[in-house]
Amino acid sequence: MSRRLPTAGPQGARPHAIPRNGSDLCVLTTRLADDALILGQRLSEWCSNAPFLEEELALANTALDCLGRARFLYARAGMLEGKGRDEDDFAFARGPEAFANLLICELPRGDFAFTLVRQFLFDSFDVLYLRALADSTDDALAGIAAKALKEADYHLRRSQSWMLRFGQGTEESHRRAQLAISALAPYTGEMFEMDVLEARLLTDGIAPDRAALKTPWQIRLSETLSEAHLSWPESCGNISGGRAGRHTRHLEALLDEMQAVTREMPGLSW
Amino acid sequence: MSPALSHEEIFAGRIAADERIEPKDWMPEGYRRNLIRQISQHAHSEVIGMQPEGAWITRAPSLKRKTVLLAKVQDEGGHGLYLYSAAETLGTSREEMIQALQSGRAKYASIFNYPCMSWGDVGAIGWLVDGAAIVNQISLQQTSYGPYARAMVRICKEESFHQRQGYDIMLNLCRGSGEQIAMAQDALDRWWWPSLMMFGPHDAESAHSSRSMAWKIKRQSNDELRQKFVDQTVPQAEFLGLRIPDPKLQWNEERGHYDFGEIDWEEFARVVAGDGPCNAERIDHHVRAHEDGAWVRKAMLAYEERHR
């Protein structure tokens with residue numbers, strides 16, 4: 001029986017070897033990359049549309065953090081997959097059904113209240129998730145999470161302070177924030193949904209338990225809302241499906257725009 | 001002991017000695033007004049300039065290009081911010097400057113009244129428009145007003161990265177497919193002349209030039225700066241393998257500079273006067289974003305009042 005030589009010896013080992021459950025890990029990594037890319041794309045739409053210049057810069061910073069995170073994650077997903085796909089193959093050569101982002105990330109940017117309320121709902125989850133992911137047994141993912149956590153902490157401080165300004169600002173800002181909360185509430189449940197794949201990764205200590213983050217998230221949410229004199233709807237549905245590629249119509253429009261140039265002239269380097 | 005010098009004499013002496021004028025120093029009213037005009041126009045140019053490229057961030061054809069372009073356009077906003085602050089040291093406010101922009105009293109660089117139609121245009125803007133801006137801004141690092149000069153030092157550092165990102169886009173296109181090369185050539189064809197117009201009218205016809213030169217707000221003339229830009233850009237175009245759309249362009253051994261054709265000054269006047277392809281669109285966009293954001297600014301002020 002012929003023995004295959006390992007592709008790299010101990011000295012030449014790649015910094016992050018591909019674990020046993022590589023294909024599950026690749027799916028998770030792609031999910032997280034998709035969340036970051038799609039949210040970053042939405043945030044970047046604010047460029048030249050922000051309410052004042054300082055906010056223009058802050059929104060661009062947040063978008064840049066998201067894009068940076070997406071790029072690290074896609075690169076890692078490509079390596080795990082081992083088919084030679086790079087970050088741009090993931091971003092530009094897939095249709096909506098192949099994207100696995102959370103639906104909350106793809107909703108149109110709406111007004112400034114909608115964008116910042118979404119950011120707060122996502123950031124307050126994201127910080128908890130990344131904190132747990134930074135302890136992942138997968139070193140590559142843990143490393144990306146640790147870096148992203150510093151950025152997410154800052155995003156959360158910012159979006160949380162906007163919640164207070166909206167809620168305690170004027171009648172109009174309160175009304176707009178309240179509308180945004182009601183519109184976004186049904187999309188928050190998806191952030192805490194575990195499926196079979198992530199459950200397997202949880203067993204291996206790779207993926208965090210999303211469901212376990214719900215209570216701490218709700219505590220932070222209710223504290224912030226109460227300080228901002230805002231309220232959570234008494235009952236809201238639960239809309240999900242992004243992880244399975246079932247998206248709102250908004251993702252298709254987003255991708256039509258994002259992929260316009262590469263679809264018109266496919267297969268080229270830019 | 002010599003008789004006490006007047007404010008005017010002290011000011012003139014400091015200008016003659018190439019000293020910087022600072023916000024708390026006495027300055028002639030005309031100097032102050034001229035600076036407010038120029039610095040606010042510069043700030044508005046940065047901010048309006050975010051629109052043509054900003055519209056391509058969502059369509060940039062790779063994640064790296066998207067990231068770099070977003071960072072670049074963000075820098076332009078940052079430049080707008082330092083420049084508004086520099087102008088505020090002269091006794092105006094950002095709100096007043098924005099009103100002047102939106103009502104058409106204040107101008108911004110006319111180049112941004114041309115449409116950004118393709119990914120090639122994003123490259124050409126970085127390469128040519130930022131390239132022309134750097135030539136102008138390097139000269140302004142020596143301007144006599146301290147806050148403006150210091151803003152220019154900081155801005156020039158970032159602009160050279162902007163120009164490189166534009167040139168890198170062009171280089172990539174020119175090393176690419178036939179379609180990509182055509183895209184790059186088309187962008188150069190459309191952006192070349194407007195870029196030369198960025199330096200303004202000939203020295204003899206420039207409304208504010210002579211006073212600005214005397215006060216050392218401007219340090220080099222429009223025509224000198226334009227020549228410098230042409231001289232540095234022609235070899236860059238040659239390296240790309242692109243043709244500059246000017247049949248009169250040729251190296252003049254005697255002068256040690258490139259000769260080039262005459263700008264279409266009627267087009268220049270038309271675009272400055274407001275009849276360029278995108279003047280109305282740029283201002284409408286600015287007004288809409290500003291009006292859409294009014295409730296946000298109000299909310300922020302109300303919140304700050306409450307927590308004072």
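Quick one: B:R94 ticks every box in (1) in contact (Cβ under 8 Å) with a residue 24 or more places away in the chain; (2) within 14 Å of chain A (Cβ to nearest Cβ); (3) closer than 23 Å to A:L57 by Cα; (4) among the charged types (D, E, K, R) except a single one, so which number is it? Of (1) in contact (Cβ under 8 Å) with a residue 24 or more places away in the chain; (2) within 14 Å of chain A (Cβ to nearest Cβ); (3) closer than 23 Å to A:L57 by Cα; (4) among the charged types (D, E, K, R), only one is false for B:R94: (1). Against the numbered list (1) in contact (Cβ under 8 Å) with a residue 24 or more places away in the chain; (2) buried (at least 20 other Cβ atoms within 10 Å of the Cβ); (3) in a loop (DSSP other than H, G, I, E, B), B:G200 comes up short only at (1).
Of everything in region B:274-303 that is more than 22 Å from B:Q99 (Cβ to Cβ) and not aromatic (F, W, Y), the residue that is farthest from the other protein chains (Cβ to nearest Cβ) is B:D275. Among the residues of region B:2-18, just one is part of a loop (DSSP other than H, G, I, E, B) and in contact (Cβ under 8 Å) with a residue 40 or more places away in the chain, namely B:D18.
Within region A:134-152, can you find the residues that are crowded, with 22+ Cβ neighbours inside 10 Å and part of a helix (DSSP H, G or I)? A:A140, A:L141, A:I144, A:A145, A:A148, A:A152 - these are the residues of region A:134-152 that are crowded, with 22+ Cβ neighbours inside 10 Å and part of a helix (DSSP H, G or I).
Just checking, which of A:A75, A:A58 is open to solvent by 10 Å² or more (accessible area, probe 1.4 Å), over 30 Å from B:H290 (Cα atoms), in a helix (DSSP H, G or I) and at pLDDT 95 or above? Exactly one of A:A75, A:A58 is open to solvent by 10 Å² or more (accessible area, probe 1.4 Å), over 30 Å from B:H290 (Cα atoms), in a helix (DSSP H, G or I) and at pLDDT 95 or above, namely A:A75.
Just one residue in the set B:S144, B:S139, B:S160 is within 25 Å of B:D18 (Cα to Cα), more than 14 Å from chain A (Cβ to nearest Cβ) and surrounded by fewer than 21 Cβ atoms within 10 Å (Cβ to Cβ); that residue is B:S139. A single entry from A:S269, A:S222, A:S226, A:S240 fulfils the requirement of being hydroxyl-bearing (S, T, Y), more than 20 Å from A:D86 (Cα to Cα) and part of a loop (DSSP other than H, G, I, E, B): A:S240. So is A:E172 out of contact with any Pro (no Cβ under 9 Å at 6 or more places or on another chain), in a helix (DSSP H, G or I), modelled with pLDDT of 95 or more and farther than 30 Å from B:L173 by Cα or not? Yes: the conditions hold for A:E172.
Yes/no per residue for (1) of a type outside the set (G, A, S); (2) within 27 Å of B:G120 (Cα to Cα); (3) out of contact with any His (no Cβ under 9 Å at 6 or more places or on another chain); (4) surrounded by fewer than 18 Cβ atoms within 10 Å (Cβ to Cβ):
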{"residue": "B:W215", "(1), (2), (3), (4)": "yes, no, yes, no"}
{"residue": "B:F239", "(1), (2), (3), (4)": "yes, yes, yes, yes"}
{"residue": "B:R243", "(1), (2), (3), (4)": "yes, yes, yes, yes"}
{"residue": "B:E266", "(1), (2), (3), (4)": "yes, yes, yes, yes"}
{"residue": "B:I283", "(1), (2), (3), (4)": "yes, yes, yes, no"}
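Restricting attention to region A:251-264, which residues are within 7 Å of another protein chain (Cβ to nearest Cβ) and open to solvent by less than 20 Å² (accessible area, probe 1.4 Å)? Residues satisfying the conditions are A:M258, A:V261. Condition check: away from every other protein chain (no Cβ under 14 Å), surrounded by fewer than 23 Cβ atoms within 10 Å (Cβ to Cβ) and either in contact with a Phe, Trp or Tyr (Cβ under 8 Å, 6 or more places away or on another chain) or modelled with pLDDT of 95 or more (or both). Does A:A93 satisfy that? Judged against the criteria, A:A93 is not a match. Of all residues in region A:217-270, those satisfying the criterion of being over 12 Å from B:P61 (Cα atoms) and among the hydroxyl-bearing types (S, T, Y) are A:S222, A:T224, A:S226, A:S231, A:S235, A:S240, A:T248.
Going through (1) in a helix (DSSP H, G or I); (2) under 23 Å from B:D186 (Cβ atoms) one by one, B:S212 falls short only on (2).
If only residues of region B:1-37 that are under 30 Å from B:R282 (Cα atoms) and not β-branched (V, I, T) are counted, the one that is most open to solvent (accessible area, probe 1.4 Å) is B:R33. Of all residues in region A:168-187, those satisfying the criterion of being open to solvent by 10 Å² or more (accessible area, probe 1.4 Å) and touching a residue at least 24 places away in the same chain (Cβ under 8 Å) are A:Q168, A:H174, A:R176, A:Q178, A:L179, A:S182, A:A183, A:P186, A:Y187.
Going through (1) within 14 Å of chain A (Cβ to nearest Cβ); (2) charged (D, E, K, R); (3) in contact with a helix residue (DSSP H, G or I) (Cβ under 8 Å, 6 or more places away or on another chain); (4) open to solvent by 20 Å² or more (accessible area, probe 1.4 Å) one by one, B:R175 falls short only on (3).
Scanning region A:62-90 for residues that are of a type outside the set (D, E, K, R), more than 10 Å from every other protein chain (Cβ to nearest Cβ) and within 20 Å of A:A260 (Cα to Cα) yields nothing.
A single member of A:L59, A:L39 is more than 7 Å from chain B (Cβ to nearest Cβ) and closer than 18 Å to A:M191 by Cβ, and it is A:L39.
Taking the options B:S45, B:S40, name whichever one is open to solvent by less than 40 Å² (accessible area, probe 1.4 Å), more than 11 Å from every other protein chain (Cβ to nearest Cβ), of a type in the set (S, T, Y) and more than 22 Å from B:A214 (Cβ to Cβ).
Result: B:S45 is the single residue among B:S45, B:S40 that is open to solvent by less than 40 Å² (accessible area, probe 1.4 Å), more than 11 Å from every other protein chain (Cβ to nearest Cβ), of a type in the set (S, T, Y) and more than 22 Å from B:A214 (Cβ to Cβ).
The values are calculated or read from the model by the stated rules, or taken from the named source; none is laboratory data. The shown structure was predicted, so the numbers you read here are calculated from the model rather than taken from an experiment. With ideal geometry, Cβ positions are generated from the backbone for all residues, glycine too; neighbour counts draw on all protein chains shown. Accessible surface areas use protein heavy atoms only, side chains included; no ligands, DNA or RNA. Shrake-Rupley method; radii C 1.70, N 1.55, O 1.52, S 1.80 Å.
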